[in-house]
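The values are calculated or read from the model by the stated rules, or taken from the named source; none is laboratory data. The structure displayed is predicted, hence computed values, not measured ones. Positions of Cβ are backbone-derived with ideal geometry, glycine not excepted, and every protein chain shown enters the neighbour counts. Surface areas here come from the heavy atoms of the whole protein model, side chains and all, with no ligands, DNA or RNA. Shrake-Rupley method; radii C 1.70, N 1.55, O 1.52, S 1.80 Å.
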Amino acid sequence: MREFRAAVEAHDMDAVEALLADDVVFSSPVVFKPYRGRAVTAAILRAVERVFEDFRYERVIGEADGRDHALVFAARLGDREISGCDFLHLDASGRIAELTVMVRPLSGAQALQAAMAAQFERIAEEARATQRTQEAGARPAG
């Protein structure tokens with residue numbers, strides 16, 4: 001998906017968030033249970049953007065007009081080189097309904113888990129703030 005790749009590469013996390021469906025399901029490479037919802041997924045992606053260094057997409061797999069895409073990436077986390085893939089599934093409106101991330105090698109996944117655990121409180125607060133903003137915007141003016 002061109003828009004997602006461009007937004008990630010430009011470090012434009014607001015644009016990334018705008019591409020997510022409200023009920024997006026995010027499957028992490030280091031957590032068993034998927035996360036559900038735009039607010040928490042956007043907060044997680046912001047944290048990933050903070051912890052990865054030299055992040056770059058190297059290849060895109062999938063038909064340009066299809067609903068399923070795989071974006072192969074490489075990054076660095078401290079002294080660990082990581083490779084991985086973002087699997088995107090789009091809903092009928094073209095928003096990201098599912099985002100699954102896989103990374104390798106195991107030592108890189110372990111380093112990612114530790115780095116993301118250190119971001120946990122910030123992720124939770126950002127998700128709560130985004131959720132409050134979304135809920136306030138959905139309420140009718142009274």
Q | Qualifying positions in the stretch 41-77 - over 16 Å from A7 (Cα atoms), among the acidic types (D, E) and touching a His at 6+ places or on another chain (Cβ under 9 Å) | A | E63, D68
Q) Among (1) open to solvent by 60 Å² or more (accessible area, probe 1.4 Å); (2) under 18 Å from the mean Cα position of the chain (by Cα), which single condition is E81 missing? A) (2)
Q | Single unsatisfied condition, A64 versus (1) of a type in the set (A, V, I, L, M, F, W, C); (2) modelled with pLDDT of 90 or more; (3) open to solvent by 70 Å² or more (accessible area, probe 1.4 Å) | A | (2)
Q | Residues satisfying the stated conditions in the stretch 78-136, i.e. part of a loop (DSSP other than H, G, I, E, B) and among the hydroxyl-bearing types (S, T, Y) | A | S93
Q: Would you point out the residue of the stretch 92-110, among those that are polar (S, T, N, Q) and closer than 21 Å to K33 by Cβ, that is least open to solvent (accessible area, probe 1.4 Å)?
A: T100
Q | Checking A21 against (1) open to solvent by 50 Å² or more (accessible area, probe 1.4 Å); (2) over 11 Å from the mean Cα position of the chain (by Cα); (3) over 19 Å from L77 (Cβ atoms), the condition it does not meet | A | (1)
**Q.** Residues satisfying the stated conditions in the stretch 28-38, i.e. open to solvent by less than 30 Å² (accessible area, probe 1.4 Å) and either over 18 Å from G94 (Cα atoms) or within 10 Å of the chain's Cα centre (by Cα) (or both)
**A.** S28
Q: Could you please find all residues in the stretch 32-83 being free of Cβ contacts under 8 Å to residues at least 12 places away in the same chain and within 22 Å of A111 (Cβ to Cβ)?
A: F32, K33, P34, Y35, D79
Q: Please state which one of T133, T100 is among the hydroxyl-bearing types (S, T, Y) and touching a residue at least 12 places away in the same chain (Cβ under 8 Å).
A: T100
